[in-house]
1. Once you keep just the Cα pairs under 8 angstrom separated by 6 or more residues, what percentage relative contact order results for segment 703-746?
2. Please rank VAL85, VAL267, fewest neighbouring Cβ atoms within 10 Å first, as an exposure proxy.
3. Based on alpha-carbon positions alone, could you give the equivalent ellipsoid semi-axes of segment 80-234 from the gyration tensor, as √(5λ), descending, whole Å?
4. How big is the charge dipole of segment 26-115 about its Cα centre, in debye rounded to the nearest 20, if each Lys and Arg gets +1 on its Cβ and each Asp and Glu gets -1 on its Cβ?
5. In whole Å and largest first, what semi-axes does the C-alpha gyration tensor of segment 361-406 yield when each eigenvalue is scaled by 5 and square-rooted?
6. Tell me, what is a quarter of the convex hull surface for the C-alpha atoms of segment 623-697, in nm² with one decimal?
7. Just to confirm the filter: which GluC sites (Glu not before Pro) across segment 148-198 are DSSP coil and have at most 10 other Cβ within 10 angstrom of their Cβ?
8. So if I average 1/r over every pair of distinct C-alpha atoms in the chain and take the inverse, what Kirkwood radius in Å does that give?
Amino acid sequence: MTNHNLPKTIFSWALGLFLLSFSQNIRAQCAGTDTTVTVCEKDADITTQNYTLFDKLNGTPTPGGTWSTNDPANFFALDRANGIVNLWEVKNSGVHQFTYTNDACGESAIVTINLGGYPGEDNIDGSADACGDDPAVNLHSYIGDETEGKFQDFNGIWAAVTPEAIPHLNENFFDADAAGPGIYEFTHTVPIVDTCPSRQVRLLLEVQRPANSGIGSNLVVCTTDDLSGLTNYDLDALLLGEDSNGTWSEVPLTNELDDLTDHIINVEAIRDANSSGTFTFRYTVFPSHAVCTVNTTAVDIVILPVLQGTMATVNYCEGPSEYTIEITDYDTTLIASGTYTATYSLVSASGTETDSASLTLNNDGTGVFQIDANPINLNEPTTLTITSLGTNVCSDIQVPPISFSVTNPTTNAMDGCEGEGSSVDLTNIFDSSQNNANGNYDITYSLTAPSGASTNFTLNDISFSSGNATFSIPAAQITETGEYEISLDVASGFPLDCQITDTFMVTPTPPSIDLGLLVDNSCDATRIDVTVDAPALSDGSYTITYDVTQVSTGQVAITNTINFAGGTASYELDVTSLEQGNYNASVRSTQDDTTPCRLVFDFELNENFAIEGIPAIPTAQAQQSLCLSAFTPDLPTLEDIEVSATGDILFYATETDMDILPLDTELTNGEDYFISNIDPMNNCEGSDRIQVTVTLIDPTVPTASDSNPLFCASDNPTVGNLDAVISSASSVVWFDAASGGNALENSVALVDGQSYYAATEGDDQCLSTGRLEIVPTVFGLEPASLEFTNLALCGLDNPTVADLRSIESNNQFEVLWYASPENENPLANGMLLIENMTYYAESFDPDTGCINPDRIAVTVELSNCDPEDYGFFIPDGFSPNNDGRNDTFFIPDIEVIFPDFTLEILNRYGSTLFKGDRNNPSWDGDKAPNGVYFYVIDYNKQGHDAKQGRLYLNR
């Protein structure tokens with residue numbers, strides 16, 4: 001069958017395909033196509049300040065798009081809205097690309113400019129000067145031409161033409177300090193770019209000689225020195241390498257310099273007028289060229305005070321930690337009163353020791369200091385010399401040395417009893433030459449009795465050998481009892497500023513007595529005998545007291561006193577009238593017999609007895625049950641059976657057994673025990689016994705479904721959470737030990753890896769002896785570990801939370817970031833960071849789901865931007881004509897790189913027209929006329945000095 005509509009269908013399809021292709025071509029051409037142009041000698045053509053990129057596009061671009069560049073050097077030279085680029089502000093020669101994007105078609109095209117170089121302007125007229133003390137002269141500062149808005153390229157090559165300059169040139173910096181004064185020639189060359197030739201400018205730099213005031217030294221003399229040779233002292237002698245065209249001045253004034261030409265002073269006159277002190281003179285040299293600064297050197301005339309006088313001290317006995325040294329008759333006109341640090345030497349046969357001490361000088365010419373006893377050797381003559389009072393006092397210490405000794409003579413007097421003498425030992429006694437005493441010496445000693453009475457005695461010709469001797473104090477000289485003090489002196493011995501002393505004790509002799517007490521029957525007494533035996537006592541009247549006291553009431557039933565005349569005696573106490581009960585018989589002597597000079601005797605005797613003293617039978621429950629856990633780790637014993645009885649309880653294995661069971665006998669389940677009692681006051685036992693049968697109880701130990709449960713530390717698990725893994729027919733009590741220990745409340749916090757023990761508690765509150773051990777794992781993460789708490793980033797990089805993750809320290813667990821110290825959800829990686837905001841890091845373990853809630857705070861600061869990395873520059877002008885281009889003077893990105901900056905705009909008369917900061921960063925010209933203005937920028941950031949410059953306003 002023939003299709004008559006086919007030609008029409010083919011035509012429609014072809015027409016549609018044509019229209020679609022035409023539409024796509026129209027859309028693809030709306031941004032134009034790429035092009036490349038070459039611009040040479042931009043500085044010679046003022047039109048390159050407003051270079052229109054749109055006109056350079058190939059193809060058929062349509063307006064309405066935007067322009068961009070990825071080169072920081074071009075960023076501020078380009079008006080991104082209209083595609084006008086100021087090539088004078090592009091300070092690097094070479095290839096530069098600008099991209100035009102038209103959103104209507106989503107297409108882009110690139111204009112590539114091969115930009116020839118601008119090397120700057122020749123400076124060979126002698127106007128370029130630098131000081132010879134500048135180690136880093138910036139050569140760029142001499143070839144620019146800012147007045148016309150032209151700046152030399154920064155990517156040119158500097159070269160030294162003068163051979164002597166070559167070693168001292170580093171890129172665009174020249175070390176004038178190392179090169180020295182002279183005229184040096186340099187070239188600045190920009191390279192060939194496409195068809196643009198290389199260009200070069202010359203610089204003649206004159207390095208001016210800096211002022212040199214020389215290297216100074218000081219003149220140091222002492223107050224007592226002969227200064228007659230320094231009456232015409234030339235201050236120039238204290239300088240080395242100075243310029244000769246300098247002048248001298250002085251601070252403080254000594255009136256030694258007549259005018260600026262004078263350099264001769266009278267050091268002796270300065271000493272005579274001021275005694276001592278430091279007097280400063282300054283030598284000043286002005287430079288030959290204004291590019292260099294004034295140079296000054298200070299020198300000191302130092303006149304040191306002098307210590308004169310004498311020292312005095314005495315010979316000491318060992319004991320004090322410090323010894324006193326006195327200064328007398330020191331000259332107050334040569335050194336002022338006050339406190340000084342005295343360095344001194346101690347020389348003895350054992351060697352030399354050096355030490356220092358604080359020396360106080362008084363206005364009356366006296367002084368004193370204390371020396372440490374530690375380095376002084378005993379029994380050796382020691383010579384002390386002051387060697388220095390510090391750097392501020394003349395080293396010529398005009399105080400003669402002194403000699404003294406520290407000795408350790410000792411005496412030891414022996415204690416004794418009344419009526420005896422005392423032996424006295426002497427050691428380390430020296431003769432007048434400080435040698436160990438040998439031969440016979442007279443000794444004078446003083447005895448001070450306990451009453452305070454003092455008596456002097458002399459013993460002649462006491463024999464000494466190697467400094468040791470012994471003598472006796474006769475008993476006739478010791479007339480009292482108590483503590484005596486002895487103080488003695490050895491005639492013709494070594495002179496000391498101390499006494500040789502000791503104390504000894506004289507103890508009196510006490511009387512003595514011996515007592516006896518005998519009861520005939522302790523359970524039912526009928527007779528008590530008292531005996532006295534005191535054969536050592538002389539005949540006289542002695543008091544013996546006896547009494548009988550009822551134990552239960554404490555009341556005395558019988559009491560009496562006996563007058564005893566010495567020797568031996570016997571007495572009988574009548575107890576027939578006493579009622580039934582327990583009693584205590586006591587006999588006492590009133591004599592005191594406690595001194596060490598006699599034997600110690602009994603002064604009181606007691607004896608218990610009873611009248612009809614057999615105790616009543618004990619009472620107790622016949623069947624008794626005991627919980628074994630109450631006695632763990634031991635078993636219950638006989639002491640744990642509950643019995644009520646008078647007196648002490650006795651246990652037996654059978655009703656007739658006579659062997660008493662020990663109270664620590666362990667109980668046996670189901671065993672029978674027989675009990676009686678005894679009255680400890682009379683030692684009488686009851687005649688009947690009772691029977692008790694014992695049952696021992698021990699509940700079944702609990703079981704566990706999980707002996708090692710896991711908890712998160714952030715959930716603050718407690719002992720109560722352990723109940724979930726326990727199975728028991730009764731209630732459970734938790735403990736901190738396998739036996740004994742402490743019962744734990746359910747609120748007690750769990751500790752990782754610590755054992756907890758569960759015991760069954762029966763209805764009678766009896767706990768099982770066995771316990772089930774549970775060891776929980778309390779998973780606690782370490783807090784997030786960071787090497788920083790304040791983080792400096794650059795906001796121009798648009799840092800995000802992901803940047804925080806990239807600079808974390810090595811953490812064992814994952815770290816989540818939050819915007820608050822607690823709660824909230826973690827932050828997404830792509831979230832942008834905010835200036836001066838605090839973020840919080842938290843550890844998280846995805847395997848257990850546990851966290852550490854202790855978050856680490858980190859404050860983010862976004863001004864850590866290196867200006868060179870971000871093409872930071874300051875525009876040199878603007879045109880406030882409301883055309884949408886450069887209508888304000890604005891420094892791009894300064895509020896990010898230097899957030900604390902301040903900006904001030906001044907006119908040529910120095911009047912302030914505008915003050916700005918990050919909150920008010922741009923100046924709109926404020927109706928100011930066309931012309932040159934000046935800006936002052938204080939970056940307020942360490943390492944960046946304030947900058948001044950000029951800008952051009954052109955409406």
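Values in this text are rule-based calculations from the coordinates and carry no lab data. A quick note: this is a predicted structure, and the numbers were derived from the prediction, not measured. Quick reminder, even Gly has a Cβ in these numbers, built from the backbone with ideal geometry, and neighbours come from all protein chains shown.
1. Relative contact order of segment 703-746: 38 percent.
2. VAL267, VAL85
3. That gives 55, 19, 12 Å for the three semi-axes.
4. It comes to approximately 140 debye.
5. Ellipsoid half-lengths, sorted descending, are 23, 13, 11 Å.
6. Seen from a random direction, the Cα hull of segment 623-697 projects 5.1 nm² on average.
7. GLU171
8. This gives a value of 45.5 Å.
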